[in-house]
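Step one of this worksheet: look at the structure below.
Where a number appears in this text, it was derived from the coordinates with a stated rule and is not lab data. Everything quoted here is computed from the prediction, not taken from an experiment. Cβ: placed from backbone, ideal geometry, glycine included. Neighbour counts: every protein chain shown.
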Ligand code: SAM
């Protein structure tokens, strides 16, 4: 879909959208880059997208250009007039909500399973990611996640065991789906540029392994990586039954959390739940 709209820089100037540090605002203005990000979830024609933190609407434009119907939630009320202009230019294709994404019930508001796309301040992005990956209901209410993070956080999400980056976020993301680093984005692509490089992570939900509750994976990973330099026999001491489960799974209790694979954590959880 072609959108007859003024350049984003003009929209930002006209609505006085000076980037707010407190809201973690670093805007993307390069249409080609935004189109590349909008291609990460796959073809979007007739798909529904939930975009968190649209700001002046650069990524939103790209998602609409790609054929999606987009629902957005934005905390900064200053962005609403710019988003209203975009909604007028794309009738029926953009639904705008003002509010905090951490408190917004997107599943209820959207009604159909969306692809979720966001370029958010990293602390909000991480909190939302953990919320989307946890909970006992699976498969989830969303089709895929395409999220911009600080590159270092993105690397933690997709990290393999045995690396420094491997931790709780890696296990939470990878036991529930396939997580990949889709692209890196240079800091100079943002206005204003952040201090560090960014990267887009793409996560597609997978099948839930049998006999595992998410709460058990969360308890195990929180304990194991809470003291990641310690041996498992020390770090898992507070999780009832975990030391016996290590033995039953053939995982040496002198190992450290970062050496245990995602399948290893799933096997531990299954063993714990069998009692
Ligand atoms: N998506 C735009 C882009 O790529 O240019 C803006 C990205 S900017 C990094 C982050 C956006 O998220 C800002 O517009 C900010 O106001 C918004 N935001 C920050 N915290 C939020 C929250 N808790 N809920 C909803 N939006 C939030």
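Annotations for the structure displayed:
- Proxy reagent accessibility, fewest Cβ within 10 Å first, across 77, 202: 77, 202
- Its relative contact order, with pairs defined as Cα atoms under 8 Å and 6+ residues apart, puts the range 171-262 at 24 percent.
- Spatial offset of the range 51-111 relative to the range 240-275 amounts to 43 Å, using the alpha carbon center of each.
- For the pair residue 263 and residue 187, label points projected 7 Å from Cα toward Cβ lie 4.0 nm apart.
- Relative contact order for the range 20-72, counting Cα pairs under 8 Å that sit 6 or more residues apart, in percent: 41
- Computed extension length for residue 137-residue 254: 38.7 nm, one decimal, from 0.36 nm per residue of separation with the Cα-Cα distance subtracted.
- Cα-based shape type of the range 64-105, given that a ≥ b ≥ c are square roots of the gyration tensor eigenvalues and the cut on a/c is 1.5: oblate
- Arranged from fewest to most other beta-carbon atoms within 10 Å of their beta carbon, 146, 259, 45, 271 become 45, 259, 271, 146.
- Pairwise FRET efficiency - residue 109 versus residue 19, Cβ, R0 = 25 Å, nearest 0.05: 0.40
- When only alpha carbons are used to place a centre, the range 1-46 and the range 143-167 end up 24 Å from one another.
- Footprinting exposure proxy for 122, 50 (fewest neighbouring C-beta atoms within 10 Å first): 122, 50
- Cα→Cβ-extended label distance, 7 Å offset, between residue 274 and residue 46, nm: 4.5
- When the chain is treated as a GNM with alpha-carbon contacts under 10 Å, the residue of 151, 180, 195 showing the greatest mean-square fluctuation is 195.
- When the P(r) of the range 1-90 is calculated, the portion above 20 Å amounts to 29% of the C-alpha pairs.
- Prolate/oblate/rounded label for the range 214-274 (Cα gyration tensor, a/c 1.5): rounded
- Rounded if a/c under 1.5, otherwise prolate or oblate - the range 76-232, Cα gyration tensor axes: oblate
- Value at 222 nm in deg cm²/dmol, rounded to 500, when DSSP H runs of n ≥ 4 in the chain each add -39,500 (n - 2.57): -10500 deg cm²/dmol
- Note on the range 142-275: along the principal axes its Cα atoms extend 52, 32, 19 Å, ordered by decreasing extent.
- Contact order normalised by residue count of the range 8-205, Cα under 8 Å, 6+ apart, percent: 20
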